[in-house]
Amino acid sequence: LAFADREARTASELLQAIVLGYDVGARAVLALGYDSPRTARFSTHSLGTLFGAVAAGGALLGLDPRQTEITLSYAAQQASGLPYWNRDPDHIEKSFVFGANSARNAVHAALLAQAGFTSPRQPLTGERGFLDAFAERPDPSALTDELGVRFEIERASLKKWCVGSPIQSVLDGLEVLLAGEGFDVQRIASVHVEMPADRFHITDNRDMPAVCLQHLVALMLVRGTLTYATIHDETLMRDPAVLSLRARITTAPSQALAQARPERQSIVRIVLDDGSEHRHHGRNVRGTPDNPMTPPEVATKARQLLTDQEPATVEALIGLCLDEADFDIARLVSLCRVAEDEDDC
């Protein structure tokens, strides 16, 4: 956004750069040949975002082919990120690894190339290059496979719920049951949740509210829905009504769900005091390409994330971002700055 503003780019050019960033970032990770992010020695969340940001920034600066290669080289030299971020109980360092570090290093790399810095050729695939250093089973062809034909942004997901990813479909299921059945929460005798066994441990009885399966299930049933504020409110983990319902919740890992596709499926069963049972099998998580969020849902989530901002500023930002016309970059930057000033950043 800063580069688009500085270079007086149009909204279309900004969006094209973002699309390119998704393509390059995803392919940089695919070329590493990891069996799973959980077995990787380095954080793919950091490496993918780094090269995605480099591609987007370089495109907005209008770098030529040689300058682009130099940008990739300086990005490779700054490639970093270790997966122990998942031990961070507050998810503060996680946000640095996923976003801030990559953005800073990518901007730095692009500016160095624009300023005339030089580098060796073939920084990604050459001798002792990026793939040699980071890959498990290097696949150089994946860097360009169907580039310009297959667009990774079309396979990207946008979270509906601000919670740990494995919990997404569980909350989807609860929302469906609450909307369709209309039962009294006070009549709930028991709740049983099945989740994929390979990620069950991520959310099982965790201390942090946003990734604790049992707490979030109880909280949503008590409140009827969840917001960013309630999801992250640690005091609600001691709320008597939430604790009472949580005591009636059982959970179990499922090998069958771990193998099911699409990923992150879940099964929720609610039994009432009369013995009646209400069940939902969540297959396609809301916000994934197979079950995308609508623009109003995206706007609702944005409002939840920006509750500490002036409502008029928030609505102006949302309106601008949802405008299909070629919106004014300078106006977008100005609204972001107003939001920062209101938050005293």
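The values are calculated or read from the model by the stated rules, or taken from the named source; none is laboratory data. Quick caveat: nothing in here was measured; it's all calculated off a predicted structure. Quick reminder, even Gly has a Cβ in these numbers, built from the backbone with ideal geometry, and neighbours come from all protein chains shown. All accessible areas refer to the heavy atoms of the entire protein, side chains included, with ligands and DNA or RNA removed. Shrake-Rupley method; radii C 1.70, N 1.55, O 1.52, S 1.80 Å.
Taking each DSSP H run with n ≥ 4 as -39500 (n - 2.57) and averaging over every residue of the chain yields -14000 deg cm²/dmol at 222 nm. Measuring with a 1.4 angstrom probe and ignoring ligands and nucleic acids, Leu72 comes out at about 40 Å² accessible. Return one number: the angle in degrees, 0 to 90 and rounded to the nearest 10, between the long axis of the Cα atoms of helix 311-322 and the longest principal axis of the Cα atoms of the chain. Roughly 60 degrees, rounded to the nearest 10.
Just to check, using Stokes-Einstein with a Kirkwood Rh over alpha carbon pairs, what's the diffusion coefficient of the range 91-130 at 10 °C and 1.306 mPa s in µm²/s? Write down the numbers at each step before the final one.
Details: Rh = 12.0 Å.
Translational D for this selection: 133 µm²/s.
In terms of accessible area, using a 1.4 Å probe and ignoring ligands and nucleic acids, His281, His232 rank largest first as His232, His281.
Accessible surface calculations at 1.4 Å, restricted to protein heavy atoms, place the chain at 51 Å² per residue.
Only Lys, Arg, Asp and Glu count, each charged at its Cβ (+1, +1, -1, -1), so figure out the dipole size of the range 105-178 about its Cα centre, rounded to 20 debye.
On the way: 7 positive and 10 negative charges, 42 e Å.
With only Lys, Arg, Asp and Glu charged at Cβ, the dipole is about 200 debye.
Packing here is the average count of other Cβ atoms within 10 Å per residue, and on that basis the peptides 289-301, 82-94, highest first, run 289-301, 82-94.
Normalised Debye scattering of the chain at q = 0.10, 0.13 Å⁻¹ gives log10 I(q)/I(0) of -0.72, -1.13, counting only Cα atoms as equal scatterers and leaving out solvent. Distance between the pseudo-spin-label points of Phe117 and Asp90 (7 Å out from Cα toward the beta carbon): 3.1 nm. Extension gain for Thr225 to Ser12 (0.36 nm times residue separation, less C-alpha to C-alpha distance): 73.1 nm.
Mind ranking 203-212, 147-156 by how tightly packed they are, going by the mean number of other C-beta atoms within 10 angstrom, highest first?
Working: 203-212: 17.5, 147-156: 12.3.
Taking the mean over residues of other Cβ atoms within 10 Å, the ranking is 203-212, 147-156.
Basic side chains Lys and Arg get +1 at the Cβ, acidic Asp and Glu get -1 at the Cβ, and with that the dipole of the chain about its Cα centre reaches some 920 debye.
Only four residue types carry charge here, +1 at the Cβ of Lys and Arg and -1 at the Cβ of Asp and Glu. Report the dipole size of the range 1-151 about the Cα centre in Debye, rounded to the nearest 20. Intermediate values should be presented prior to the final figure.
Details: 13 positive and 16 negative charges, 37 e Å.
Result for the range 1-151 is approximately 180 debye, rounded to the nearest 20.
Here r is the Cβ-Cβ distance between Thr300 and Asp323 and R0 is 22 Å; the resulting FRET efficiency, rounded to 0.05, is 0.80. Classify the range 233-299 as rounded, prolate or oblate from the Cα gyration tensor: take a ≥ b ≥ c as the square roots of its eigenvalues, call it rounded if a/c is under 1.5, otherwise prolate when a/b beats b/c and oblate if not. Oblate. Placing a pseudo-label 7 Å from each Cα along the Cα-to-Cβ vector at Val185 and Gln78 gives an inter-label distance of 4.6 nm.
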